[in-house]
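Have a look at the structure below, then the notes.
FYI, it's all coordinate maths here, none of it is from the lab. Here the structure is a predicted model, which means the values were calculated and not measured. Note: ideal-geometry Cβ built from the backbone for every residue, glycine included; neighbour counts use all protein chains shown.
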Amino acid sequence: MITKVMEKKKLQKFLSNLCNQKLFAPLKDEEGKINFGLVKDPAEVVLEFANVLKPVKSLLFPQTETIFEADEQGIHHPEVSENGVIFGLRPCDAKSVRLLRKVFEKDYKDNYFLQREGSYLKIGLACTVPGENCFCTSFGQGPFFNEGLDLLLADIGEKYYVEVLSEKGKKLVEENSELFLEPTEADMELRQIAQANAEGKIGREVNVKRASEKLGQAYDNALWDETSKICIGCGICAYLCPTCHCFDMTDEKVASRTRRIRTWDTCMFSYFTLQASGHNPRPTKKERLRNRVYHKFKYLLENFDEIGCVGCGRCLENCPSGVNLIEILSRVAES
Amino acid sequence: MTEYIYSPKPAKIKKIRQEAPDTKSFELEFEGKEKLTYLPGQYLMLSVLGEGEFPVTFFTSPTEDRLEVCVKRMGKVTTALHRLEPGETVWVRGPYGNGFPVEEWSGKRLVLVGGGIGLPPLRSLLYYALDRQKYKEISLVYGARSIADLIREEELVKLRSRGVKVDLSIDKEEDGWNEFVGFVPDNLLRVSPSPENSIAVTCGPPIMIKYVIQNLQKLGFEAGQIFMTLEMKMKCGLGKCGRCNIGGIYVCKDGPVFSYQRLKSLPPEF
Amino acid sequence: MSWEPRIVGFLCNWCSYAAADLTGTSRLTYPSNLRIIRVMCSGRVNPLWVLRCFQQGADGVFVGGCHPGECHYREGNYFNRRRLKLLRNLLEYIGINPKRLQAAWVSASEGGKFAEVVKNMVEEIKALGPMEKLRRE
Amino acid sequence: MASVEEKLREKTGQLLNEGKVKCVIGYERVGPLKARPFFARSPADARKIHYSLLCSPNLAVYLTLEEISAGEKIGLVVKGCDSRAVVQLLQEGIVDREKVVLLGVPCQGIIDLEKLEDELDKREVLLSSVKEISIEDEVAKVETKDGTIQLDRKDVVHDVCINCQHPTPVLHDVLLGEEVKPWGEENYGDVKEIENMDLRERWDYWEEKFEKCIRCYACREACPLCYCEECLADKTVPTWVRKSVRVSENGFFHLMRTLHLAGRCVGCGACERSCPMGIPLLKLFRKMEKDVKELFGREAGMDVGQKPLLATFSLEDPEEFIK
């Protein structure tokens, strides 16, 4: 692997070079929420944050997406390639893309996701200060995990330590060669220390492997009833989850045209499975919450050899009633 | 060229028949009279553009020279479909799903048990079996709430002359009805088909299916001999949108046809 | 072609709808920008209908009801009055000009008033221009 | 003197022991700065009941769920605003008074963690070092690893709590703690701020807010008064709100909720606190609250016997806008 370093003062220059294409990076809104947004001024890019609120899927699998438009002439498909750059992905979000890709690739290729995803260059930012709800290390990755990225930048004090992880990343570094230096041994050491520090700061842990093995026998466990009691049935956990990918497809009439759109949907909503006859296979919050956990930790594992969770902690952080995935998994693991 | 997996192709409505109150069948014809290759038990995603898309199973058999679907008016899209007239265009993609394992069943007796709008996949299978002549005996136990709700009653009665054992029923006594009065599961017990070298296939409302399975077991059918097609809310038809799962399987692509044996191993979420 | 506003008018069957009829029979004219939906009482008008009109391309919404004390159902227009007041305040609060939602008490005999009110409203909406704020794309 | 929390535990234990209720819905503590709803079903559970300035969710939301509809009697911990939500539900005939035992807790306000963090930042103290927080003698006391910090209580509670006019439950079967007096007059400063903008500024403001809604419906689900069996937002015939996430649909959804809650919303702020995107929903609801007060002289959730605002009228209602 090629490694480089970049002096911190060069970052602004790097970002403004990236602005030659569409650059998406963490920006702060009026409410103080940090989300990926189209960068107009590199100085606005937020560099100190635990994680963006809406995961990277919001760029790769947008909440509202046109599948096609139809008129008398027939069906017209949209252009989905963005050819942009995403800067500031956290390693957990970068990892989430692997599962999304598998889902959208298997058997039938969903080119909306695949083409868009492939058209982005992804520059990660290692987590030197993980959030209090992070538990990525429980998944065998961590705050410096570099898979799914083209470049990974890690803050080592005065500089960023840069891992060049793909051909695309290599090309970008070459195009901006004046901004990069060769790392010294001291830099490498600093990087190791930063990683160890960051990993040490992750305070939450759960035995994911054991939990997912135990799910097979936990279906009728009382924990589903107990933990779902406080759930109010909103969609926060799923919509902010980097791997949740369920969707709906509906038609909209726009003047004389029809637009078929795909929008995020979630198994936490009762109408998700509600049939026109009134029958609902998952009628209460208990079945719905259980399905979400099973889907993530069992069904996806069976079908795609991949767990549908990366330990980003967004669901823990944002649940209005404090439903806690780690607690649920721990109870399953101990059952 | 990029492939778009959610994009349908146009089909003209050639003929519409009122099959029951709220239920119509639609004969569809593709551009250039293109023929669709499909199996009984598979389904199409049918769009009324501007309204939406829904899954609908084949009413006809691939051995017939026309393609029909039969739709009960339930929600937004089916209501829109019911408003269309012959000559108008709908859009379809598919066929999707596994369909019935018709090859595995050759040489066996078929017992088809249906209720109400559950007839279409059974009709498709029945004609397939008749036309292929690879099956031993075919028996149909079919019922509905009332005479008016029976789909294709006349046609089904005529099948008797082709050697099909047809037993019809309605739930409540009505003038002019000479056949069985009562629920489908009861009629099934009365008919008492033999489980020997047989396959039973059932389709209908969930409550009927529940009792049909109980009664089939009473008659000696094993779980592996009982098949059903499941109804689920579906959007993509390709195992991606995530709503039709029962445990780790997707009804849209791993089903909709399941043996009772397989279904028993899944969580009871259907 | 110059832009012409589209205004949806919810008219009470017993008064303003009859007044609209009367304008015709008395050869009075009012602008054709008004698309009339007859309701049995102004009290039947759901505030969400107003929002839905804006969503679907209306530039203004008009509600016509009976004068206080003259409601065919005795009090339907009073219920409507409360709802409309809150709705107008809310629209204004989010930045929609309240002139886009107008109401008038018009009895069955007031064809002249009806024509006048509609004429004025059309002029006002013309001055405001198209309403795009909640419109579906 | 026993703390509110101790009294709550005792009362909960008693109710459960005597079999007076099937469960008590209260809060439990799950971290130094986090409490969440908790269903206490056994006397042992009663010991887990927690009460502090962290108890944010409005528990009245659970009243419209199965416990009540199944006819079981339950205990419910209510702060001032929560009790008003219960009154409103009673007024609307949604809840049976006989089926609920209201455990009233006078409220000192709910901690706004973002505000607290900002205050601590100024003093270079980490939020994670906080062990306990309380309000005594009108001062917020923040205990940290390194000692106690005193803050202005207005700087640590949610804005909506600062001028709360009913911090003590307006309806309860038992009141656990001393009555809390309002801190000041309600001035609707947040609403006036918008009213002072011109139309264009207002729309620019709201458009940006509506745009970022992700339609997770947390606001609706967290609201004790959003109890419709089928929300119009979920209806497909007609499609009031399309699935697409755009201003036309998101805006319609929020305006619809605002109108449906006009004269009913008790201003607890559960919606806004649940919103992951930080949309200032209270500014919509409080506008209606303010207008209803000014125009019709009414306040939601105060009088069980009152007819719902929009199910009644007065001959004197304003009509200056009607031609």
* Asked: So what is the orientation-averaged projected area of chain A, using the convex hull of its C-alpha atoms, in nm²?
  -> 19.6 nm²
* Which lysines have a Cα less than 25 Å from the Cα of residue A:8, not counting those fewer than 8 places away in the same chain? -> A:22, A:28, A:33, A:40, A:122, A:159, A:168, A:170, A:171, A:201
* Histogram of C-alpha separations across segment B:52-122, 5 Å bin width, % -> 3, 11, 19, 25, 20, 10, 6, 4, 1
* To do: State the answer as a single residue: which of A:243, A:50, A:193 lies farthest towards the positive end of the charge dipole of chain A, with beta carbon charges of +1 for Lys and Arg and -1 for Asp and Glu, about the Cα centre.
  => A:243
* What percentages, rounded to whole numbers, describe P(r) for segment D:42-141 computed over all alpha carbon pairs with 10 Å bin width beginning at zero? -> 13, 36, 27, 17, 6, 0
* To do: Scale the Cα Rg of segment D:113-156 by the rule-of-thumb value 2.2 N^0.38 Å and send over the ratio, two decimals.
  => 1.00
* Asked: Between residue D:317 and residue B:64, how many nm apart are label points set 7 Å from Cα along the C-beta direction?
  -> 5.8 nm
* Structure fact -> Rounded to whole Å, √(5λ) for the Cα gyration tensor eigenvalues of segment B:109-229, largest first, gives 20, 17, 12
* Quick one: plug the Kirkwood hydrodynamic radius of segment B:9-96 (C-alpha pairs) into Stokes-Einstein at 20 °C, 1.002 mPa s, and report D in µm²/s. => 167 µm²/s
* Asked: Which distance in Å, rounded to a whole number, links the C-alpha centroids of segment A:133-175 and segment D:239-259?
  -> 40 Å
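What does the charge count near residue D:16 come to, summing +1 for each Lys or Arg and -1 for each Asp or Glu among other residues with Cβ under 10 Å from its Cβ?
Values: positive: D:11, D:20, D:22, D:41; negative: D:18, D:45.
Value of the local net charge: +2.
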* Structure fact -> Here the whole-number average of other chain Cβ atoms within 10 Å per Cβ of C:76-84 is 5
* Structure fact -> Pseudo-spin-label distance residue B:196 to residue B:211, built 7 Å along Cα→Cβ, given in nm, is 2.9 nm
* For segment B:9-96, with only Lys/Arg (+1) and Asp/Glu (-1) charged at the beta-carbon, what is the dipole magnitude about the Cα centre, in debye rounded to 20? -> 100 debye
* Asked: For segment A:297-335 and segment D:64-105, what is the separation of their Cα centres, given in Å?
  -> 32 Å
* chain A, relative contact order [Cα under 8 Å, separation at least 6], % -> 21 percent
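If we sort C:49-59, D:280-290, D:197-207 on the protection proxy, mean other Cβ atoms within 10 Å, highest first, what's the order?
In decreasing order of mean packing, C:49-59, D:280-290, D:197-207 become D:280-290, C:49-59, D:197-207.
Pull out the extension gain between residue D:198 and residue D:174, defined as 0.36 nm times the separation in residues minus the alpha carbon to alpha carbon distance; nm, one decimal.
Length gained between residue D:198 and residue D:174: 3.9 nm.
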* To do: Give the span of chain B's Cα atoms along each principal axis, as three whole-Å numbers ordered largest to smallest.
  => 54, 44, 33
* To do: Taking all pairs of distinct Cα atoms, average 1/r, flip it, and tell me the Kirkwood hydrodynamic radius of segment D:189-311 in Å to one decimal place.
  => 15.3 Å
* **Charge dipole of segment D:24-98 about the Cα centre (unit charges at C-beta), most positive-ward option of D:86, D:59, D:27** => D:27
* For chain D, what's the relative contact order in percent, using C-alpha pairs closer than 8 Å and at least 6 residues apart? -> 17 percent
* Asked: Just the Cα atoms of segment B:189-247: what Rg and Dmax do they give in Å?
  -> 14.5, 43
* Asked: Expressed in whole Å with the largest first, what are the equivalent ellipsoid semi-axes of the protein assembly as shown derived from the C-alpha gyration tensor as the square root of 5 times each eigenvalue?
  -> 48, 41, 33
* Note the direction-averaged projected area, equal to a quarter of the hull surface, for the Cα convex hull of segment C:23-111, in nm². => 6.1 nm²
* Partners for residue C:133 among lysines (Cα-Cα distance below 24 Å; same-chain residues under 8 apart left out) -> A:253, C:85, C:99, C:119, D:192, D:209, D:212, D:235, D:243, D:283, D:287
* **Dipole in debye (nearest 20) - segment B:109-229, about Cα centre, beta carbon charges: Lys, Arg +1; Asp, Glu -1** => 500 debye
* What number, in percent, do you get for the relative contact order of segment D:130-200 if the mean sequence gap of Cα pairs under 8 Å and at least 6 apart is divided by its residue count? -> 19 percent
* Asked: When Lys and Arg each count +1 and Asp and Glu each count -1, what net charge do the other residues less than 14 Å away from residue B:167, Cβ to Cβ, add up to?
  -> -1
* For peptide D:225-235, compute the average count of partner chain beta-carbon atoms within 10 Å of each residue's beta-carbon. => 1
* Where nothing but the Cβ of Lys and Arg (+1) and of Asp and Glu (-1) is charged, how large is the charge dipole of chain A around its Cα centre, in debye to the nearest 20? -> 620 debye
* Structure fact -> For segment B:69-156, the charge dipole (Cβ of Lys, Arg +1; Cβ of Asp, Glu -1; about the Cα centre) points to a positive end, and the Cα of B:111, B:96, B:144 closest to that extreme belongs to B:96
* Structure fact -> Once the mean of 1/r over all distinct C-alpha pairs in chain D is inverted, the Kirkwood radius in Å reads 21.0 Å
* Directionally averaged shadow of segment A:18-63, computed from the convex hull of its alpha-carbon atoms, nm² -> 3.6 nm²
* Whole-angstrom Cα spans of segment D:1-99 along principal axes, big to small -> 37, 28, 25
* Asked: In nm, to one decimal, how far is the residue B:162 label point from the residue B:85 one, both placed 7 Å along Cα→Cβ?
  -> 3.3 nm
* Asked: When all alpha-carbon pairs of segment A:55-196 are counted, what percent fall beyond 26 Å?
  -> 35 percent
* Span from the segment A:254-273 Cα centroid across to the segment D:155-232 one, whole angstrom -> 30 Å
